[in-house]
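Inspection log for the structure reproduced underneath, given as structure tokens.
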Amino acid sequence: MRKIIGLCVLILLSSSCISKYFQQKYYKDYYNPIKIQKVEYETQEKAFIEGITGFSYETPYCQSASLQTIHSLYTNTESIDYYNWIMGFTYGAYFHNYVGVWSFIPANDPELGLKRASNHLGFNRKYYTSNNLNLYTQFVKHLLSNNNPIRVAVNSSVIQNQEGFLPHSIVLLGYDLENIFYHETGGSDSIIKKHRGEKMSWETFIASVESIREVSSYSL
């Protein structure tokens with residue numbers, strides 16, 4: 001009996017390792033992550049990107065809304081249907097065991113859609129990661145200081161100070177010593193020109209990103 005139990009445990013452990021292996025392989029092969037090695041740039045105490053138009057939608061379009069918002073900094077934007085189309089957005093029924101709710105969300109991986117759409121728009125899309133919090137925050141500050149808006153994946157539940165796991169995309173617009181400013185892409189249908197964004201503490205922001213890493217087994 002002990003041998004049977006031991007064999008079952010071994011099989012379960014092996015299955016878990018195999019699952020994680022393929023998850024990491026998918027992540028590395030298709031996301032093309034770039035690890036932040038070092039940051040030697042001087043950053044300002046505060047910075048903010050001016051002139052952006054913030055788009056948000058009640059329908060879960062956070063990824064395409066992020067793209068539309070960033071695109072507004074460089075040219076006149078198209079309708080959200082256009083960004084959904086170039087991303088290849090399709091929707092399907094979904095049950096999230098971690099949260100325990102049914103939903104109707106993108107059936108394909110929005111990150112790959114963003115990668116495809118960025119190439120179509122002529123953007124140089126890069127996916128940066130780091131396991132070093134100081135490097136990560138310094139690099140975020142460097143990009144924002146140079147007028148580069150950042151689309152970042154977060155656990156929205158952490159930002160809202162709620163339990164659960166709600167993967168979400170927001171656009172970072174600026175920062176100061178205590179807070180980071182961002183555009184919220186969901187919740188309601190709205191268009192805000194010359195958007196100043198909402199703010200959250202650096203601690204909340206980092207916690208929301210780390211939560212995505214933990215659940216998805218990705219590097220920060």
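Values quoted throughout were computed directly from the atomic coordinates according to the rules given, and no laboratory measurement underlies them. All values derive from a computational prediction rather than experimental measurement.
General observations
- In order along segment 147-154, the phi-based Karplus estimate (6.51 cos²θ - 1.76 cosθ + 1.60, θ = phi - 60°) of 3J(HN,Hα) comes to 6, 10, x, 10, 8, 9, 8, 9 Hz; Gly and Pro are listed as x.
- Tensor-based shape of segment 40-81 (alpha-carbon gyration tensor, a/c under 1.5 rounded, otherwise prolate or oblate): prolate
- Shown in residue order for segment 197-208 are the 3J(HN,Hα) couplings computed by the Karplus curve 6.51 cos²θ - 1.76 cosθ + 1.60 at θ = phi - 60°: x, 9, 10, 9, 5, 4, 4, 5, 4, 4, 5, 5 Hz (x for Gly and Pro).
- Amide H contacts of Thr77: none lie under 5 Å away among residues 5 or more positions distant or on a separate chain (H built 1.01 Å from N in the peptide plane; Pro and chain starts excluded).
- Shape call, segment 110-220: gyration tensor on alpha carbons, a/c limit 1.5: rounded
- Karplus-derived 3J(HN,Hα), 6.51/-1.76/1.60, for each residue of segment 114-127, Hz, glycine and proline x: 5, 4, 5, 5, 4, 4, 4, 8, x, 7, 9, 6, 9, 10
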